[in-house]
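Take a look at the structure below.
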Amino acid sequence: MAEPVLEIRGLRIALPKDSDRAEAVSGVSFSVAAGEIVCLVGESGSGKSVIAFSAMGLLPKSLPVVSGTIALQGENLVGASEYRLRELRCTRMGMIFQEPMTALNPVMRCGDQIDEVLRAHTQLAAAVRREKIIAMIAQVHLPDPVRMVDSFPHQLSGGQRQRIMIAMALVLGPSLLIADEPTTALDVTTQAQILKLIRELQRDRGTGVLFITHDFGVVAEIADRVAVLQYGELVEMGPTAQILSAPQHPYTRMLIASVPSHTPPARPPVAGAGDAIVLSTEALAKTYSTAGLFGGARKVDAARDVSIEIRKGETLGIVGESGSGKSTVARCIARLIDPSGGKILLCGTDIARMPAGRLRELRHKVQIVFQDPYRSLNPRRTVGESIIEGPMNYGLARHDALERSRKLMELVRLDPGALERYPHQFSGGQRQRICIARALAMEPELLIADEAVSALDVSVQAQVLKLLEEIRHSLHLAVLFITHDLRVAAQVCDKVAVMSKGIVVEYGPAEQVFRAPQHEYTRALFDAAPGRGFEFAAA
């Protein structure tokens, strides 16, 4: 193995005194060689990002390094001055962050943001810097590099913004690249492109890569070695094939067992659910019109001729890339936005153009669980107040609403005594359970889950999916499940609608769609899924 570009030995990082445990990282040792990709995996709170930020010298003072070394090409960074760390960032080590829209400055052109790196670390003339920036943007396979230089972040797609971040991190050719969940928010085809790009750049430049992820499909696709973290401790490390196919530690086995399969399981119908159609759409359409910068208008068909149906006790999945129209359809069905055409039949009643006054009587029948539980709950209200708000707005007495909330907390496997606590006192998975309880408090006929598990760790994701399945069976709910994760769709959906550019291109039973996809777009989606050809230990 080549000499390590990053070598961590006996690293210990303390947590604040009021934390659940004493250390964020406890005696971790591992290395990353030149030309090697090491994946750090583990659940939220395992210490993955803390290790990455400590290597970059970006830890807050509340998380001090107690002992150990972090050596970058032999130079210990622990205790290095801020001036020295600034010299090393971008020149010898670069970082790609999870959310490029947050990491990039929204009021600066993309080229100017890359130019900041060059101006800070080189004496190159402006014309030479611009040439270097355009060449780097071309190297990360962005179309029309000159236009990209002069574009603002909001004018680019998520995958394009992430490529700008990669260009910024690699423009000075650092020896170490740290990637902190860089593909988590991306759909499968864009994710595949970014992973291929990172692997290509790493191979061509001989860069050592520390890749942080909770997605084992990504691990199977990109990693040379895998390090597994639990509660700040390194519990297992080894070659990728060995870790994923024959894990030794119980925690690693649990994580891998939680990875959903691409193969749909046998899904018997929900007992007693019947054949009642809860929701159907007929030629549903949504067109957005935007005013042009110099006059005129531009029309975008976000959804066209969408016809689907969901029966009582059934789960319909809508899958597709970002911008395919999935969430637009869900928001039209919930009447959070008004459709431009077509019908939305809720329990036989067309609500597509129903006025707000009449619609209010029916709104409780459709409830949504959104992607981000952090933003879905009011941080200033107890979770109990958030759960009872809807039922009380529909006339339920406070005492009865509280009693219902206690039963729902038990249903979602949380302590009813926690109703007096605030959202920040719960984990991400617990917050999502609270959001499910809040939705169920309205006693809906249709539950819409809009990317409801995409932000969760694989083990927490498995728990929430199991919970949704149990609720579907016990309450005979109809579920509309929006996701870009094909593994998840395969496990929870009875039927699947595949969307591309606002149109349903394939629609049918999940087993049929996954085993023998007919449309070329569906096949391309499945082929792009990371780790699709890898057999995990749990498979």
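The values are calculated or read from the model by the stated rules, or taken from the named source; none is laboratory data. Because the structure is predicted, anything quoted here is derived from the model rather than measured. For neighbour counting, all protein chains shown are included, and Cβ atoms are generated from backbone atoms with ideal geometry for every residue, glycine included. What goes into the accessible areas is simple: the full protein's heavy atoms, side chains included, and nothing from ligands, DNA or RNA. Shrake-Rupley method; radii C 1.70, N 1.55, O 1.52, S 1.80 Å.
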When only Cα pairs under 8 Å and 6 or more residues apart are kept, what is the percent relative contact order across the chain?
16
Regarding the stretch 41-145, what's the average projected area of the Cα-atom convex hull, expressed in nm²?
9.1
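What order do ASP457, ASP150, ASP485, ASP20 take when sorted by accessible area (1.4 Å probe), most exposed first?
Values: ASP457 15, ASP150 70, ASP485 45, ASP20 165 Å².
Sorted by accessible area, descending: ASP20, ASP150, ASP485, ASP457.
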For the stretch 331-420, which trypsin sites (Lys or Arg not before Pro) pass both filters: DSSP loop (anything but H, G, I, E, B) and at most 11 other C-beta atoms within 10 Å?
ARG380
With θ set to phi - 60° and the Karplus curve 6.51 cos²θ - 1.76 cosθ + 1.60, what are the ³J(HN,Hα) couplings of the stretch 500-507 in order, to the nearest whole Hz, using x for Gly and Pro?
9, 6, x, 10, 7, 8, 8, 8
With a 1.4 angstrom probe the carbon and sulfur portion of accessible area for the chain, in percent, totals 51
Dipole of the stretch 30-97, positive direction: furthest Cα of GLY35, TYR83, SER49, with charges on the beta-carbon:
TYR83
Using only helices, what value at 222 nm comes out for the chain when you add -39,500 (n - 2.57) per DSSP H run of length 4 or more and divide by the total residues, to the nearest 500 deg cm²/dmol?
-10500 deg cm²/dmol
Which entries in the list LYS196/LYS466; LYS299/LYS343; LYS132/LYS196 go over 30 Å, if you measure between the two C-alpha atoms of each?
LYS196/LYS466
Tilt of helix 398-411 relative to the longest C-alpha principal axis of the chain, in degrees (0 to 90, nearest 10)?
60
So for R0 = 45 Å, FRET eff. of GLU131-VAL300 from the Cβ-Cβ r, to 0.05, ends up at 0.80
Does anyone have the angle between helix 383-393 and the longest principal axis of the chain? Alpha-carbon axes, 0 to 90°, nearest 10?
30
Helix 458-475: inclination vs the chain longest Cα principal axis, degrees, rounded to 10, gives 0
Under 5 Å from the placed amide H of VAL369, counting only residues 5+ away or on other chains, we find ILE448, ALA449, ASP450
Would you kindly calculate the translational diffusion coefficient of the stretch 1-57, applying Stokes-Einstein with the Kirkwood radius from alpha carbon pairs, for 37 °C and a viscosity of 0.692 mPa s, and quote it in µm² s⁻¹ without decimals?
263
DSSP beta bridge pairing in the chain, given as percent antiparallel to the nearest 5:
55
Accessible solvent surface per residue of the stretch 1-137, calculated while the other protein chains remain in place, 1.4 angstrom probe, Å²
48
Roughly how many Å² is the accessible area per residue of the stretch 458-539, as a whole number, for a 1.4 Å probe?
40
Against the 2.2 N^0.38 Å rule of thumb, the C-alpha Rg of the stretch 320-400 sits at a ratio of 1.30
For HIS141 and ARG84, calculate 0.36 nm times their separation in residues minus their Cα-Cα distance, and state this gained length in nm to one decimal.
17.3 nm
So the pair-distance distribution of the stretch 87-223, from every Cα-Cα distance in 5 Å bins, comes to percents of 2, 11, 22, 24, 22, 12, 5, 1, 0
In whole µm²/s, the translational diffusion coefficient that Stokes-Einstein assigns to the stretch 155-225, given a Kirkwood hydrodynamic radius over C-alpha pairs, 4 °C and 1.567 mPa s, equals 104
Among residues other than LEU456 whose Cβ falls under 12 Å from its Cβ, what is the net charge (Lys/Arg +1, Asp/Glu -1)?
-4
Computed over the Cα atoms of the stretch 385-539, the Rg and Dmax in Å are 18.1, 55
